[in-house]
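Here is the structure we will look at.
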Amino acid sequence: MQRKMITVLVLLLLLTVAWISHNTDYLTPPWGWQTLPSSAPPTEQTFVPEYRGFAAAAMAQLLLERERIGTPSLSAAVARDGAIIWAGTAGWASLQPPVPASTSTVYRIGSTSKALTATAMARLVQSDRLQLDTAISRYVEDLPNQDWRTLTARQLASHTAGVPGYEENRDWWGVYQSIRLGRHFTGTDDMLTVFDDSDLLFTPGTDFHYSSFDTTLNAHVMTRITGLDYPALMQSLVFDPLQMTQTSVDDVSLRPATMAVFYRRGDDGRVRPWRQVDLSLKWPGGGLLSTSSDLARLGSAWLDKDFIDASVRAQFWQPQRLATGEINAQSYALGWRVNPSSLVEYQGRPLLHAHHGGVSKGAMSWLVVYPELRLAVAINSNSKAETFQAFAAAEVALTKLLLEFL
């Protein structure tokens, strides 16, 4: 009994230390904060001459949006009909030393990673190597949690499997690791240890609960099917075929020289660099790096029948229903949210869009695909906005601007 009490106290102490480290406002000294420079150097590339008018207007709009959000830099890219037509950045990849952001600046993309992992999954479904409604125990016999044996890839990709999220996890050592973000995880087998001692929240298929652990478990299944570790899996099925040369896992030992510095914003608008973290436990569902151009390429590829067949896309972009027959509360499909836009209309009606956003340590990301217009738009920043809606509004402004030139 005494040993059990000591174990519990040690775990509580570790969790407290990790939480304080995670919530660095409690440890942040009053010095080291920087005022954002009033100047925001612009960079842009126009790839299709007929969109030069839009490009000029888009660059001016991007400068305004960066100032409104109050972020060191804001990056955007637009693809139409399968090709990037414009990319631009406004602001600074680093403040000290001062380094202007460029269209090659790499950002953390947070949960937008789920749409990228779902792309690999769609490719495996298309090649008949993965069946959406087959129990994952067919592919992985040695699952560490027996409750996972009957789960399916569809349930995991739609967050209807009942797997807990970070807040509901009762694998206490895993909770510590999730908060501290100080350990390097070597693969999906290792990542599963963060939550494998936690029970399911509900009977699979009966409810919806958004969780990055769903994506981690799905990625583990895909590594077993292919025999490739997660980085190699993504490189083979997604990054290389789409020439996404600036997209990778966020590996502390292999970070690209073009990666932005990520910042915490204070209430007064000043910023300071985010603490150092290792995001390897989050790779499949929240730990990838990319550029806005690469993300726009990925979004556009979902409209290419030679890359993802229309029948497979229809399955992945169909909002999933619960056992009651109702569509889940977030209109979540498989790795994407899909619904009519409440902010972008075309010819007097809301445009259907498939989308995914992400929030990471000192970063925000947003990828949107408008199938009817064969359009993909991506934006990224190297600090968090006051709200995600405030950040995503920059994409809405750029998309509405483009509609004026169509």
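The values are calculated or read from the model by the stated rules, or taken from the named source; none is laboratory data. Remember, predicted model here, so these are calculated numbers, not experimental data. When we count neighbours, we look across all protein chains shown, and the Cβ atoms used for this are built from the backbone with ideal geometry, even at glycine.
Residue count for region 92-129, restricted to those that are in a loop (DSSP other than H, G, I, E, B), over 20 Å from residue 44 (Cβ atoms), over 16 Å from the mean Cα position of the chain (by Cα) and touching a residue at least 12 places away in the same chain (Cβ under 8 Å): 3.
Has region 256-278 got any residue that is assigned to a loop (DSSP other than H, G, I, E, B), modelled with pLDDT of 95 or more, surrounded by 24 or more Cβ atoms within 10 Å (Cβ to Cβ) and aliphatic (A, V, I, L, M)? The answer is yes, given that some residue of region 256-278 is assigned to a loop (DSSP other than H, G, I, E, B), modelled with pLDDT of 95 or more, surrounded by 24 or more Cβ atoms within 10 Å (Cβ to Cβ) and aliphatic (A, V, I, L, M).
Considering region 357-391, the residues that are among the charged types (D, E, K, R) and buried (at least 19 other Cβ atoms within 10 Å of the Cβ) include one that is farthest from residue 110 (Cα to Cα), namely 384.
Considering only residues of region 25-50 that are at pLDDT 70 or above and charged (D, E, K, R), which is surrounded by the fewest Cβ atoms within 10 Å (Cβ to Cβ)?
Across region 25-50, the extreme among qualifying residues is 50.
Taken over region 227-245, the criterion of being surrounded by 19 or more Cβ atoms within 10 Å (Cβ to Cβ) and not in a loop (DSSP other than H, G, I, E, B) is satisfied by 230, 233, 234, 237, 238, 239. Would you call residue 304 under 30 Å from residue 45 (Cα atoms) and in contact (Cβ under 8 Å) with a residue 24 or more places away in the chain? Yes.
Going residue by residue through region 168-178, is there one that turns out to be under 19 Å from the mean Cα position of the chain (by Cα), surrounded by fewer than 23 Cβ atoms within 10 Å (Cβ to Cβ) and polar (S, T, N, Q)? Looking for residues that are under 19 Å from the mean Cα position of the chain (by Cα), surrounded by fewer than 23 Cβ atoms within 10 Å (Cβ to Cβ) and polar (S, T, N, Q), one finds at least one in region 168-178, hence yes. In region 329-346 there is at least one residue matching the filter, namely being surrounded by fewer than 17 Cβ atoms within 10 Å (Cβ to Cβ), of a type in the set (A, V, I, L, M) and within 28 Å of residue 204 (Cβ to Cβ).
Confirm whether residue 300 is surrounded by fewer than 16 Cβ atoms within 10 Å (Cβ to Cβ), outside any loop (DSSP other than H, G, I, E, B) and of a type in the set (Gly, Ala, Ser).
The answer is no for residue 300.
Return the residues of region 130-166 that are in contact with a Pro (Cβ under 6 Å, 6 or more places away or on another chain) and either free of Cβ contacts under 8 Å to residues at least 24 places away in the same chain or part of a helix (DSSP H, G or I) (or both); say none if nothing qualifies. Within region 130-166, 155 is the sole residue that qualifies. Restricting 71, 89 to residues that are part of a loop (DSSP other than H, G, I, E, B), surrounded by 24 or more Cβ atoms within 10 Å (Cβ to Cβ) and modelled with pLDDT of 95 or more narrows the list to 71. Take the conditions (1) surrounded by fewer than 18 Cβ atoms within 10 Å (Cβ to Cβ); (2) more than 21 Å from residue 333 (Cβ to Cβ); (3) out of contact with any Asp or Glu (no Cβ under 9 Å at 6 or more places or on another chain); (4) in contact (Cβ under 8 Å) with a residue 24 or more places away in the chain; residue 248 misses just one of them, which is (1). Cβ-Cβ below 6 Å, separation at least six or inter-chain, first residue in region 317-328 and closer than 25 Å to residue 119 by Cβ, second of a type in the set (D, E, K, R): which pairs? Going by the 6 Å Cβ cut-off, the qualifying pairs are 327/321.
Taking region 146-167 as the search range and keeping residues that are more than 26 Å from the chain's Cα centre (by Cα) and over 20 Å from residue 321 (Cβ atoms), which one is surrounded by the fewest Cβ atoms within 10 Å (Cβ to Cβ)? Applying the filter and picking the extreme gives 146. Can you pull out every residue in region 227-245 that is over 14 Å from residue 289 (Cα atoms) and touching an Asp or Glu at 6+ places or on another chain (Cβ under 9 Å)? 242, 243, listed by residue number. Of the candidates 354, 314, 394, the single residue that is buried (at least 23 other Cβ atoms within 10 Å of the Cβ), part of a helix (DSSP H, G or I) and aliphatic (A, V, I, L, M) is 394.
No other residue among 363, 354 is among the small types (Gly, Ala, Ser), closer than 18 Å to residue 316 by Cβ and touching a Lys or Arg at 6+ places or on another chain (Cβ under 8 Å) apart from 354.
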